[in-house]
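Let me give you the structure first, and then I'll get to my questions.
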Amino acid sequence: MTVRIAVDMDRCQGYRQCCLAVPQVFRLGEGKVKYRAEAEDELLPAIEAAAASCPTKAISVESGTL
Ligand code: SF4
């Protein structure tokens, strides 16, 4: 299974919480986050925590067989 990640760039304000929480997936680009759209299942808890901690709730996460 794979984790799918999406960030709403209209909402992202570059607060970097996600980059600090899961640097394997999120990196700060020029004012906005850059990220991998898919990640390994083992990273799901960390990615969910990053999504919960995003001040603008810009991150959505899906996991499982779609
Ligand atoms: S925590 Fe949210 S607002 Fe901050 S860089 Fe990540 S997606 Fe953007």
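Rule-based calculations on the coordinates, nothing more; no lab input. Note that this is a predicted model, so its numbers are computed, not measured. Heads up, the Cβs are rebuilt from the backbone with ideal geometry, glycines too, and the neighbour counts pull from every protein chain shown.
Return one number: the angle in degrees, 0 to 90 and rounded to the nearest 10, between the long axis of the Cα atoms of helix 44-53 and the longest principal axis of the Cα atoms of the chain.
Result, in degrees: 30.
What residues qualify as long-range amide H neighbours of residue 33, i.e. H under 5 Å apart, gap of 5 or more or another chain, H built at 1.01 Å from N?
The list, which skips near neighbours in sequence, is 14.
Taking the simple approach of a point 7 Å from Cα along Cα-to-Cβ for both residue 42 and residue 60, what is their distance in nm?
2.8
Counting helices only, and only those DSSP H runs with n ≥ 4, report the 222 nm mean residue ellipticity of the chain as the sum of -39,500 (n - 2.57) divided by its residues, in deg cm²/dmol to the nearest 500.
That comes out to -6000 deg cm²/dmol.
Moving to a separate point now. So who's got an amide H within less than 5 Å of the one on residue 2, skipping anything under 5 residues away but keeping other chains? H placed 1.01 Å off N, in plane.
64
Taking 0.36 nm per intervening residue step and subtracting the Cα-Cα distance, what contour gain separates residue 49 from residue 15 on full extension?
Here the answer is 10.8 nm.
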